1. Got a number for residues in the range A:434-455 being aliphatic (A, V, I, L, M), at pLDDT 85 or above and buried (at least 17 other Cβ atoms within 10 Å of the Cβ)?
2. Quick one: which of B:VAL400, B:VAL432 is in a helix (DSSP H, G or I), over 17 Å from B:THR308 (Cα atoms), at pLDDT below 85 and among the aliphatic types (A, V, I, L, M)?
3. Return the residues of the range B:80-99 that are at pLDDT below 90, at the interface with chain A (Cβ under 7 Å from one of its Cβ atoms) and crowded, with 23+ Cβ neighbours inside 10 Å; say none if nothing qualifies.
4. Are there any helices (runs of 4 or more DSSP H) wholly within the range B:112-222 with 2 or more residues that are more than 22 Å from the chain's Cα centre (by Cα), and if so which?
5. Going through B:GLY141, B:GLY153 one at a time, which residue ends up being closer than 29 Å to B:PHE25 by Cα and assigned by TED's automatic domain parsing to the domain that holds B:SER21?
6. From the list B:ASN49, B:ASN63, exactly one residue is away from every other protein chain (no Cβ under 11 Å) and touching a strand residue (DSSP E or B) at 6+ places or on another chain (Cβ under 7 Å). Which is it?
7. Specify which of the listed residues (A:ALA330, A:ALA321) is crowded, with 24+ Cβ neighbours inside 10 Å, of a type outside the set (Phe, Trp, Tyr), in contact with a Lys or Arg (Cβ under 8 Å, 6 or more places away or on another chain) and within 17 Å of A:TYR258 (Cβ to Cβ).
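The values are calculated or read from the model by the stated rules, or taken from the named source; none is laboratory data. A quick note: this is a predicted structure, and the numbers were derived from the prediction, not measured. Counting neighbours? That spans all protein chains shown, and the Cβs are built from the backbone with ideal geometry, glycine included.
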Amino acid sequence: MLTIHLSIVVFLPLASGLIAAFAPRAWARWIVLAGTLAVLGYAVAMIVDFDSGRPGLSYATDDEWIPELGIHYALGIDGLNLFLVALTALLWAISTLVAAFKDYERPRLFFFQLALAETAVLGAFCAQDLALFVAFFDLMLVPFYFLIGGWGEGQRVAATTKLVIYTLVGSLLMLAGAVALGVLSAPAGGEASFLLTDLEAASLPEGTQQWIFLLFAAAFLVKMPAFPLHGWMPDGYRATPLPVLVLFSGVVSKVGAYGFLRVVLPILPDGAQHFQELLLIIAVVSILYGSVLAFSQDDARLVVGYSSIAQLGFITLGIFALDPKGAQGALLQMINHGLVTAGLFFIIAVLAARAGGSELLSRMGGIAYRAPVLAGLFLVVALATLAMPGSANFVAELLILFGVLEDKLVYGILAGAGVALAAVYMIRFYQRAMHHRVGTGVDSRDVRGVELVAIASVVVVIIGLGVYPQLVVERSERATVAKVRPAEQVADRGGEAVAAPAPAASGPAPGAGGVPGSRGGQPVPVGPDGQPIPVGPDGQPIPVGPDGQPVPVGPDGQPVPVPPQPGQAP
Amino acid sequence: MNVDLGILIDPLSVFMALVVSGVSFLIHVYSTSYMASDRGYARFFAYLNFFVFSMLLLVLAGNFVLLTVGWAFVGAASYLLISFWYRRETATQAGIKAFVMNVIGDLGLVLAAFLLFNETGALDYAGVFGATQDTFTENDGTLVAACLLLLVGAVAKSAQLPLHTWLADAMEGPTPVSALIHAATMVTAGVYLIARCHPLFEQAPAAADVAAIVGTVTMVYAASVALVVTDLKRVIAYSTMSQIGYMVLGVSAFAYGAGLFHLMTHAFFKALLFMGAGSVIGAMGGVQSMDRMGGFRRALPFTFVTFTIGALALASFPLFAGFFSKDEILAFSINRGGLYAVLGVIGYLAAAVTAFYAFRMVFRVFFGDEVPEARAAASGHVEHHAPENPSTGEAEDTEVGFPGPEHHYAERSLGMRAAMAPLALLAVVGGVLSIPGVTDTLEHFLEPTFEDSAFIEAEAMPSEGAELAGLAVGGLMAFAGIGLAYLLYLSRPGATLELRDRFAAVHRFLFNKWYFDELYDRLFVAPSAAFGRFGRTVVESALIQGVLIGGPSGLVRAGATLARGVQSGYLRAYALLLLFGLGGLALYFLIAAS
C-alpha cells in the first residue's frame, strides 16, 4: 500500500492557486492546471492502490484540531469517497484545461478561486470529522460566489445572490444540526467529539434524530438540488461560466448526495427511516418534474439543469431505498452523472459557438453532417444520460430500481416512468442540436482542439465504466453497505426505535467506516463480511439473530427462545 | 447479485442466429446497390452492422441482463436507422417515437427481471427456468406479473397492440432497413422472447392467454389497416405486424415449432417483399404512394415475378412457404380447443384478408395502366422528380446528398437481384422444412430447447388429418382473398372507389389506423406538453420563484421598509417615539403592579 498524505492531496490545489496568485499573469493558468493534474495523478494512484477487501479508512489522518470542542482534523478514503475524489480530480483537470484556453479578466484571481474550490470540495469528500466536513462544505460557497458573481454571464448578480442565500440558509441549518449532534452525542459527563465514528457509535433518541435529520436534509437537498428547493438552479445555471458550471453541476451537487451517505444514514438511522417516505416522494417528484421540464425547455443549459434534478432524484431514491443495492446504485450514479453532465456542458459550449453564441435549441440544428465527430461523441453521452443498457448509468439505475422495488414497489414503478421520459428529453435535445435542417446563422464545423480533448476524455471514461462498472461497484461495496446497514436494520424492524439495544450490538462503529482504535484504543472485531461482530463484556462474540438483535444463549451454548416483549415488533 | 457476460448456445439461439445473419447478409448485398449514391453510405453500413451485432447479442444472451442490453442496443440501432435521413423532420419524429416505445419495452424487461430475480435469486436463464417449477405454483401472481412485463417488452419490440404505432412510422428509414429490421429480424424478437421464456409462460398460462389474445387482436387490426393504406411500404409494415400477430399466437399457444417456423418463412418472404417495394420505389424515383403507381409488370419483370412470389407466400398460397407455417400455427391452436380454437378460427379469417391485401399491392402496382415512370423504366430510364419527402410532399433538403440523388431498381442492379433471387427461392421452397406427415426437420432441430415443455408430446400435436384439413381451409382462404382482389381491382376497376364512398366512415376509421395516434396524442403527448408549460409558467415562476423565494425575501424587505421608515432622522419623531415608549412602559408597570 502506498503512503499518500491526504492533506497534500487536499491542499495541493490551494497551494498551486496561491503560487499562481503571485506568479506572472500568463503563468497562473498553467500552475493551477499542473496542480489539478497532480491531484488527478494521486487519484489514479489511489484507485489502483485501493484494496477493496480492507475495512476502514485508507490514508487516514487524525489529529486534534480544536481539542476544547472535540474537533479533529481527520481525513480518510474509503470506498464511499474514493471515486468521488477521482471524479473531482478528473473534472477539475479537464475544466481547468478548457478554462486555460479561454481569456478571463483577472486570470490570477480566477484560477486561484478555481483552485480554492477544488480544495474545498476535496476536503468535504475526505473529511471524517463532522465539524471539518461542515467547514469545507461552507468553504465551497466562497470561491463559487466569486466565480459566478465575478465572471458570470447575464443576470449574474441576482443569480449569485439567490444561490448564495439559498445554500447559506441550508448551510446554517446544517451547522446547527452539526453542533446539536456533537453536543447531544457527548457521553454524560464526557467530552464532545465530532469524529464521525464517535457520532455513529452514540445512538441518539429517535425524536432528536428526527429534527436533526431535517436540518441536514434541507442543506443537502438544496445543494443537489431537489424539487421544490431548486429555485436557485435556473438562474444560477444560466449565469455560471461553462467550465465552472461543469464543476458546479458535475461535482458540487454530489456533495449533498454524498452527505446523506456519509453523515446522515449512519449517524441518524432512525431519522432516516422516519422520513424515508418523505424523501422518496421528493425523489420521485424530482424525477418526474425534472424530466417533464427538461423536455419543455428551449435553453440547452436548462435541459441539462432540469435533467440533473431528475438524475439526482434517482440518486436520492437509491439512497433512501435504505437498501445496499440502492445505495451502491446511487453512488455509481453520482459518478456517472458527474461525467455525463460534464460532457453535456462541454458539448453545449461547442454548440453555442456554432450557433452564433446562442444556447437556445431553436437556434441550433443540422450540424451532424459536417461535424460527425461531435455527433458521435454527443450520441454516446446522450445515450449514457438516458441510461442505455450497456452504460454504467444503466447498471446504476438497475441497482437503484432493484433496491427500491424490493420494499417500495410504487416508488420504483413511478421512477421507471422517469426512465422513459429521460429518453424523450435526451433524444429531443440531440435531434434539435444535431439533426433537422441547418439553423439560420449556424456554422457547421466539427469540434477540435482543447474542446475535443475535453469531450473525448469524458467519453472515454464513460465508455470505460460502461464496459467495466465493476471497477466502482467492487471497490465501493463494502463501505456503502456499511453506511446503509444501520438505517436498513431500523427499516427492517418496521421503524421500531432502537431504544436500548445491547450496547455491543448497536454501538456499531461499522468496521468499514471506523478509524481503527479511535475510541479507547479498542480494535473492533470484524466478521468475514466486514460487519462488526458484537462482543460481549467478556470479549466473546455474541450470536446475532438475522434482525441484528443479540440472541440470548443458554448455558449449553444453544440459543434460548425469548418471549416477545410488549411493544416490540416480532 | 452477479451477472456474467454469459452466452447461451442452444438450438433456439442457433436457429435465430442463422435467420438473422442469413437475411442480413442478403440485405447487405442489396444495400450495396440500393444505397450506392447516398452520401451517408459508410454511416449506413456502420449502423447496419451495429444492428447485426446487437441482434446477435440479443439472441445469444444467456441471462436477462445481457438480453436487456442486446434488446436496448437493437432499439438504438433501429432508432439510428429510422432517423437515418435526419434532415427530414418526419424521420426524426418517427425515430423518437420508436425509441421511447422501445424504452418502455426495455423497462418491462427490467421489471420482469427484477421480479424473477427476487423470487428465484437468479438472473441467468438456466437458474431462473430451473427454479420456476419449484418456486411458483401454476398462475402464481408474481409469475403472471413477470410474464406480463416480459410481454410488455415483447409487444414494444414486435409492434403489437397497444405499443404498435411506431412501426408504420419506422418506414421513414431506408427500404433495406425496413426489410432487415422492421420485417425480418428485430420485430420478431418478441416472438423469440416468448419462446425463450416458455418455461415461465407454461407455468403462467393466464399470461400466455393474454399474449395469444394480443397477437390475434393485432393480427386482425393490422390486416384491416393494410386494406386501405396507400403507402406501399406502410402496407407491408402493417402486414408485418399482422404476421407477427400469428407468430405471437403460435408461441403463446405453445406451438413453438410452428411459431418459429413462421418466423423463418416470414423473414424470407417479407424481406423479399420489401426489396421488391424498394425496387419499385427506385423506379418511381422515390415515390411511395400506390395511388401513383401502376402497370410495372412489363417494365420491371424481375421485380414483378419476385414480388408476386413474396405475395403468394404471404397469402399462404398452397405449397409456398407461408402456406405450411401459417397453417401449422392455426391447426395447433384449434387443436388446443377453448379460447385457442376461437383465436385459430379468427386466424383463418384474417388469412383471407391477408391474401386480399397482398394482391391488392400486386394488382395496383404491376397491373393496370402504365404510369409515366413505368414507361420510362421500360425504356431503361428512371423518372427523376424534384426530391421530396414521400410522407409529406415537402421539398427535400438535398444539401448533404442523402437520400442519394440516384435511384436504383433491381432490373438495372446486379446487387439487388443477387439478394432477391435467393430469397424468392426460399419463399417458394422454405416450407419443405415442415410438411405435415412428410418432414419435421425444424421441429426436430429445435426439440432440445423445448424438451421440458409439456406441449411437444405427440398427444399435444394436432393429428395428421386435422393438419391436412387445416391446410385445405387455409388454401381456400388464400384463393378467396386473391380471387376477391382480382375481382375488385382487375375485372371491375373502380369497384373499390365505389366501396370506399359507400362505407366512407369505415374507410376513414381504418385509414386513420383506428385513431391510435390521435388517442395517444391526447392521452400522453398533449398532457405532458401541457404539464411542461404549466411547470414552466406556473410552478417555476409562481410557486418556486414567487412563493418560495419571493415570500421570505418579501418578508425581509417589508420588515426593512418598516425599520427604515422609523429611522426618519427627524428629532421630533424620535422624541415622540421616546414618549410613546415611556408611556407604554409606565402603563405596563401600572398594570403589572395592580
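1. Selection size over the range A:434-455: 3.
2. One residue alone meets the criteria, B:VAL432.
3. Listed by number, the residues that qualify are B:SER83, B:TYR86, B:ARG87, B:THR92.
4. Of the helices (runs of 4 or more DSSP H) lying wholly inside the range B:112-222, those with at least 2 residues that are more than 22 Å from the chain's Cα centre (by Cα) span B:125-135, B:141-157, B:198-203.
5. The match here is B:GLY153.
6. Only one candidate qualifies: B:ASN63.
7. Only one candidate passes the filter, namely A:ALA321.
Results for (1) in contact (Cβ under 8 Å) with a residue 40 or more places away in the chain; (2) closer than 30 Å to B:PHE15 by Cβ, shown as yes or no for each residue.
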residue: B:HIS381; (1), (2): no, no
residue: B:HIS384; (1), (2): yes, no
residue: B:PRO390; (1), (2): yes, no
residue: B:MET416; (1), (2): yes, yes
residue: B:THR439; (1), (2): no, yes
residue: B:LEU446; (1), (2): yes, yes
